[in-house]
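Data block below; observations after.
The values are calculated or read from the model by the stated rules, or taken from the named source; none is laboratory data. Everything numeric in this text was worked out from a predicted model, so none of it was measured. So basically every Cβ, Gly included, is an ideal-geometry build from the backbone, and we count neighbours across all protein chains shown.
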Amino acid sequence: MKEHTEDTERASDITLTREDEELERLGYKHELRREFRSWSTISFATSIQGCVATIASTINTPLLLGGPATTIWAWFFGSFGGTALAISVAELISAYPTAGGIYTSSAFVIPARLRPVVCWIIGWITLISQLATTASVNFATAEMILAAVVIGTDGAYVPTPGQTIAVYVGLNFAIGIFDSLPTKWLHKTAQVYAIFNGLGTIIVTLAVPIAAARAGTINPSNWVWGSIIDQTGYSNRPFAFFLGILSVAWVLTDYDGTAHLSEEIKNASTVAPVAIMWAVGLTTFFGFWLNVALMYGAGDFTALPGPTGMAFAQILWNNLGTVGTMVIWIIVIIVELLTGVVCQLACIRSIYALSRDRLLPDFQLLARVSPLTKTPINASIFTAVIASLLGLLYLGSPVAINAVFSVTAVGLDVTYAIPTAFRLLATHFPSWEVHYQPGPFSLGRWSYWICAYAVVWTAFEAGILVMPQVYPVNAQTMNYAGPILGFVIAASFVWYLLRARKWYIGPAGGAVGEAGGRVPRTDSETTDANMKKE
C-alpha cells in the first residue's frame with residue numbers, strides 16, 4: 001500500500017513538472033502552488049455563476065421590463081449564445097492555461113504586429129471589468145444582507161446608503177483577507193461552494209410553486225409562458241423581450257474567472273475548461289427551471305418588486321412568509337457571498353498576471369507573491385481598496401455606482417469575443433503566421449462554427465447591454481456601459497501610443513513573439529486546420 005502511494009506521488013510530481021515546463025514555454029515562471037483538483041475547480045466555476053443568488057439580484061430587469069415570458073424565454077435563447085462563448089473561452093484556456101486567462105491566451109491568436117496594442121487594450125478592459133464584477137457582486141451581497149433585515153422587521157427597517165456602504169466595504173476586506181490564504185485552504189473550502197449553490201437553487205425551484213399552488217395563488221400557464229409586458233416606455237415589445245437577455249448575460253459571464261486559477265490547478269489544460277463547461281451547463285439548466293418556478297409563484301405582477309426592492313425576495317416573502325423566506329434568503333446570501341469570494345479571487349489573480357506583464361504602472365509590485373502564503377497578497381489588498389472606493393460612488397449617486405456595475409458583462413464578453421474573432425480570421429489569412437494549436441479540450445471541426453456563432457452573438461448582446469433600459473432617457477435612466485467601455489478602449493489605446501509602447505511588448509514579456517506566435521506542445525499534434533470547415 002505504501003509502495004503504491006509513493007508511486008502515485010511520483011506520478012503526480014511528474015505531472016506537475018510537465019505543467020510547470022509548459023508554463024515556462026508560455027513564458028512564465030511557476031510561483032503559485034497547484035492545489036485545486038477537479039471537484040474544487042468545478043465547484044469554484046459553478047460559484048462564479050452562483051445561479052440562485054445571481055438570478056435573485058438580476059431578475060428585476062427581465063421581469064419588470066418585459067414580464068414573465070420575457071424572463072423565461074430570454075434566458076432560454078440567451079443561454080445558447082452564452083454557452084457558445086463559454087466553449088470558445090474554454091478551448092483557448094485549454095491551449096494556453098495561465099493566470100492571465102483570456103488576456104494571455106489572446107497573444108497566441110493575434111498577429112505579431114497587432115499583438116502588443118490589442119493585448120494591451122484587452123488587458124485594461126479585463127482589469128476594469130473584473131473590478132466592476134467584484135464590486136457589483138459584493139454590493140449585491142450587502143443589499144441582500146440588509147434586505148434580510150427588512151424582511152425580518154416586516155418592512156419597518158429601511159437601510160440608508162451609509163449602512164449599505166459600511167456592509168459593502170466590510171465584505172470587500174473580509175473576502176480579501178480570506179482570498180489571501182494559502183491555495184491549499186482555498187481548494188478545501190471551494191469544495192462546498194457548489195453544494196450551497198445547488199441546494200439553494202433546488203429548494204427555491206420546488207418551494208415557490210408548491211406554496212403558491214397550496215395557497216391558490218399560482219399563476220396560469222398561459223400568462224407565465226406567453227405574457228410579454230412592455231414596461232420600458234419604448235412601446236416596443238420585441239425590444240422589451242431583448243432586454244430580458246440582460247439577466248442571462250449577467251449570470252453567464254466571467255467564464256475565464258476559472259482560468260485565472262490555471263497556475264493553481266493540477267492538470268489545468270483539461271480541468272479548467274471542463275469545469276467551465278460543467279458550470280455553464282448546470283447554471284443554464286437549473287437557471288431556466290428556477291425562472292419558471294418563480295414566474296408561477298410571482299403572484300400579483302404589479303406589486304413587484306415590493307419593499308425589499310428585489311422581486312426575488314418579494315416572491316419568496318409572498319409565498320413562504322417571513323420565517324420560510326428568511327431560511328431560504330440566508331442560503332441565497334451565502335451563495336452570493338461565495339460568488340463574491342470566487343469573483344474577487346479571480347480578480348486578484350488577474351491583477352497579479354497583468355502586473356507580471358508590466359501592463360500596470362506598479363513596478364510589478366502587485367505581482368509579488370508572499371513567501372508565507374505563496375499567494376499575491378499585494379494584489380488582494382489592491383482589489384479590496386479599489387472595489388471599496390468604487391462603492392463610495394453610491395453615497396453621491398446610485399446612478400454613478402450603477403454605471404460602474406453596468407460595464408461588467410459587456411466588458412468581459414468583449415474580451416472573449418476579440419481573441420475568438422482573431423482566431424477565426426487567422427484561419428483565412430495564412431500571412432498572419434498565427435499557428436493556433438488546440439489543447440486537450442477541443443470540439444474539432446465544430447469549433448469554427450461555434451466560435452463564429454459566439455462572435456455574432458456577442459456583437460448582438462453587446463448592443464443590447466449598452467442600450468438604455470427605459471424611455472425617456474435622462475441622466476437617471478441612461479445606460480453608461482457603452483460610454484465607459486468606449487472610454488476604456490480609447491484611453492488605453494492613446495496611452496499605448498504615447499507611452500506604453502516603449503516598454504510593453506505583450507504577455508509573457510514578448511516570449512510569444514519570439515516563438516513566432518506558436519508555443520510547442522507535447523500533448524497535441526493538431527493545428528489550426530481543425531478550425532477550418534471540412
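A few points about this structure:
For every residue, the table says whether it meets (1) more than 25 Å from Ile175 (Cα to Cα); (2) touching a Phe, Trp or Tyr at 6+ places or on another chain (Cβ under 6 Å); (3) of a type in the set (S, T, N, Q); (4) in contact (Cβ under 8 Å) with a residue 24 or more places away in the chain.
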{"position": "Ile315", "(1), (2), (3), (4)": "yes, no, no, yes"}
{"position": "Gly324", "(1), (2), (3), (4)": "yes, no, no, yes"}
{"position": "Leu337", "(1), (2), (3), (4)": "no, no, no, yes"}
{"position": "Arg356", "(1), (2), (3), (4)": "no, no, no, yes"}
{"position": "Asp362", "(1), (2), (3), (4)": "no, no, no, no"}
{"position": "Gly391", "(1), (2), (3), (4)": "no, yes, no, yes"}
{"position": "Ala400", "(1), (2), (3), (4)": "no, no, no, no"}
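- Filtered residues of the range 141-173 (kept if within 30 Å of Thr104 (Cβ to Cβ) and buried (at least 22 other Cβ atoms within 10 Å of the Cβ)): Thr141, Leu171, Asn172
- Candidate set from the range 445-474 (those that are free of Cβ contacts under 8 Å to residues at least 24 places away in the same chain and more than 27 Å from Val109 (Cα to Cα)); member that is surrounded by the most Cβ atoms within 10 Å (Cβ to Cβ): Pro468
- Any hit, the range 362-385, residues being under 16 Å from Thr126 (Cα atoms), of a type in the set (Val, Ile, Thr) and not in a loop (DSSP other than H, G, I, E, B): yes
- For Ala215: the one exception among (1) more than 18 Å from the chain's Cα centre (by Cα); (2) surrounded by 18 or more Cβ atoms within 10 Å (Cβ to Cβ): (2)
- In the range 103-119, the residue that is nearest to Gln437 (Cα to Cα) out of those that are of a type outside the set (Gly, Ala, Ser) and surrounded by fewer than 24 Cβ atoms within 10 Å (Cβ to Cβ) is Pro111.
- Scanning the range 462-480 for residues that are at pLDDT 90 or above and not in a loop (DSSP other than H, G, I, E, B) yields a count of 3.
- Candidate set from the range 310-325 (those that are surrounded by 16 or more Cβ atoms within 10 Å (Cβ to Cβ) and within 17 Å of Val158 (Cα to Cα)); member that is modelled with the lowest pLDDT: Met310
- For His187, the conditions (1) surrounded by fewer than 22 Cβ atoms within 10 Å (Cβ to Cβ); (2) more than 23 Å from Trp289 (Cβ to Cβ) all hold with the exception of (1).
- Total residues in the range 121-155 satisfying the condition of being in contact with a Ser or Thr (Cβ under 6 Å, 6 or more places away or on another chain) and farther than 30 Å from Ala166 by Cβ: the figure is 4.
- Failed criterion for Thr477 (all others in (1) farther than 20 Å from Ile245 by Cα; (2) of a type in the set (Ser, Thr, Tyr); (3) without any contact (Cβ under 8 Å) to a residue 12 or more places away in the chain hold): (1)
- For the range 402-446, filtering for residues that are among the hydroxyl-bearing types (Ser, Thr, Tyr), assigned to a helix (DSSP H, G or I) and at pLDDT below 95 leaves 2.
- If the condition is being under 20 Å from the mean Cα position of the chain (by Cα) and β-branched (Val, Ile, Thr), then the range 464-481 contributes Ile464, Val466.
- Consider the range 147-169 and keep the residues that are of a type in the set (A, V, I, L, M) and under 23 Å from Thr383 (Cβ atoms). The one that is farthest from the chain's Cα centre (by Cα) is Ala166.
The rows are residues; the columns are (1) at pLDDT below 85; (2) part of a loop (DSSP other than H, G, I, E, B); (3) hydroxyl-bearing (Ser, Thr, Tyr).
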site: Phe460; (1), (2), (3): no, no, no
site: Ile484; (1), (2), (3): no, no, no
site: Phe487; (1), (2), (3): no, no, no
site: Ala491; (1), (2), (3): no, no, no
site: Tyr504; (1), (2), (3): no, yes, yes
site: Arg518; (1), (2), (3): yes, yes, no
site: Asp523; (1), (2), (3): yes, yes, no
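- Thr253 passes every criterion in (1) modelled with pLDDT of 95 or more; (2) β-branched (Val, Ile, Thr); (3) buried (at least 24 other Cβ atoms within 10 Å of the Cβ); (4) closer than 30 Å to Glu31 by Cβ apart from (1).
- Test: residue in the range 341-354 that is hydroxyl-bearing (Ser, Thr, Tyr), part of a helix (DSSP H, G or I), under 25 Å from Trp250 (Cα atoms) and at pLDDT 95 or above: yes
- Within the range 385-405, considering residues that are closer than 17 Å to Gln344 by Cα and within 20 Å of the chain's Cα centre (by Cα), the one surrounded by the most Cβ atoms within 10 Å (Cβ to Cβ): Ala387
- Test for Thr408: is it hydroxyl-bearing (Ser, Thr, Tyr), farther than 16 Å from Ile128 by Cβ and surrounded by 21 or more Cβ atoms within 10 Å (Cβ to Cβ): no
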